[in-house]
Amino acid sequence: MGEQVLGVQALQFFIASVTAAGFGIAIAAFGCGIAQGIACRSAVEGIARNPESSGKVTVTMIIGLALMESLCIYTLVVALILIYAHPQASAIAALFGAG
Amino acid sequence: MEHPYLFFVKFFELIGLGHFAHSYPHVIYSWVVMIILIVLSAIATKGITMIPTKGQNVLEMIISGLEEFMVSVTGEQGRWLLPLAATVFLYVATCNLIGLIPGCYPPTASLNTTLSCALPVVIFTHIIGLKFHGVKYIKHFLGPVWWMIPIIFPIEVISHLARILSLTFRLFGNIMGHELVLGILMGLAGLFFAPLPIMALGIFVCFVQAFVFFLLSIMYFSGAMEHAH
């Protein structure tokens with residue numbers, strides 16, 4: 001009977017990890033979208049103001065976008081770890097097997 | 001997720017080293033990338049002439065474009081860094097692009113390869129700093145005023161360690177995420193060519209990530225070469 005309770009708790013822990021992963025990546029994508037939108041707006045305004053600088057402005061904008069994207073990617077890696085490569089995965093699986 | 005079918009892993013299975021090939025596909029494909037880069041460069045530079053044609057022309061365009069961009073970021077003092085920086089760019093770009101060929105696994109989708117690209121860059125930063133400034137290189141870590149040293153020094157050390165992590169995880173996350181999305185879309189609707197738009201985005205992402213790695217490397221090198229604030 002105690003093993004069944006442990007199995008249920010292991011399942012709840014896993015559900016909590018996966019939910020956290022889902023919300024984490026959603027919040028990161030939200031912030032990343034706003035930030036990259038601000039960068040693109042400034043780049044487009046700069047090009048509209050001075051069309052000759054379009055090459056340099058575009059390269060700088062792409063670099064800035066890639067650096068902001070990398071922050072979202074860090075969150076993606078953490079979410080993937082929570083879902084697929086959780087450090088306590090074997091312990092939880094053992095509890096599943098018992099419960 | 002189904003087991004991927006990789007050409008060179010199958011080839012190694014035929015030789016008899018199947019167990020090694022299945023556990024370390026990123027090592028095998030990094031060998032493939034090395035062989036491709038060496039063979040293409042050897043073919044293009046076989047008969048070097050003053051007026052370039054064909055393969056030599058393409059290579060000259062790539063290398064001179066990289067060199068001019070690098071000098072515009074670091075100044076004339078950074079011109080000697082071109083071999084390391086261009087090698088990093090070409091290696092990372094080819095590793096990323098190999099992933100777009102069906103049946104090939106990008107080596108940079110594994111943390112080992114990206115860490116192996118990031119560690120030499122960061123360690124070389126410190127070697128450059130010690131070579132150019134000697135013991136006074138520590139001034140880079142100490143900040144503008146002497147009484148803020150206990151706060152600034154740990155922050156600078158942690159930020160230098162974080163450079164390794166950020167370079168590694170940026171490249172790994174982008175390429176691994178790309179591979180995961182391709183795998184999931186293939187499982188969902190492979191027959192309807194669903195992964196194709198992601199592969200088109202993937203070409204762009206491969207070049208941009210190699211370029212960002214290259215740009216950050218030369219910015220770290222030039223930051224170590226210049227005088228401390």
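Translational diffusion coefficient of chain B (Stokes-Einstein, Kirkwood radius from Cα pairs, 10 °C, 1.306 mPa s): 80 µm²/s.
For chain A, the longest principal axis of the Cα atoms and the long axis of helix A:89-98 meet at an angle of about 30 degrees. Computed per residue of the protein assembly as shown from DSSP H runs no shorter than four, each worth -39500 (n - 2.57), the mean residue ellipticity at 222 nm is -27500 deg cm²/dmol. Overall dimensions of the protein assembly as shown, expressed as equivalent-ellipsoid semi-axes from the Cα gyration tensor (√(5λ), whole Å, largest first), are 37, 29, 22. In chain A, one over the average inverse separation of all distinct C-alpha pairs is 16.4 Å, which is the Kirkwood hydrodynamic radius. Relative to the longest principal axis of the Cα atoms of chain A, helix A:2-49 runs at roughly 0 degrees. Cysteines in chain A that lack a partner Cβ within the 4.7 Å cut-off: A:Cys40.
Neighbour counts of other Cβ atoms within 10 Å put B:Trp146, B:Trp80 in the fewest-to-most order B:Trp146, B:Trp80. Helix B:82-98 axis versus longest C-alpha principal axis of chain B: approximately 30°, rounded to the nearest ten. Footprinting exposure proxy ranking of B:Tyr105, B:Tyr137, fewest other C-beta atoms within 10 angstrom first, gives B:Tyr137, B:Tyr105.
With equal scatterers on the alpha carbons only and no solvent term, can you work out the Debye log10 of I(q)/I(0) for region B:1-137 at 0.10, 0.11, 0.12, 0.15 1/Å? Here the Debye-derived log intensity ratios amount to -0.48, -0.57, -0.66, -0.91. If R0 is taken as 56 Å, the Cβ-Cβ distance between A:Ile34 and B:Leu14 corresponds to a FRET efficiency of 0.60. Taking the number of Cβ atoms within 10 Å of each Cβ as an exposure proxy, the fewest-first ranking of B:Thr168, B:Thr108 is B:Thr168, B:Thr108.
A short reminder: the numbers here are calculations on the coordinates, not readings from a lab. None of the values given here were measured: they were computed from a predicted structure. Quick reminder, even Gly has a Cβ in these numbers, built from the backbone with ideal geometry, and neighbours come from all protein chains shown.
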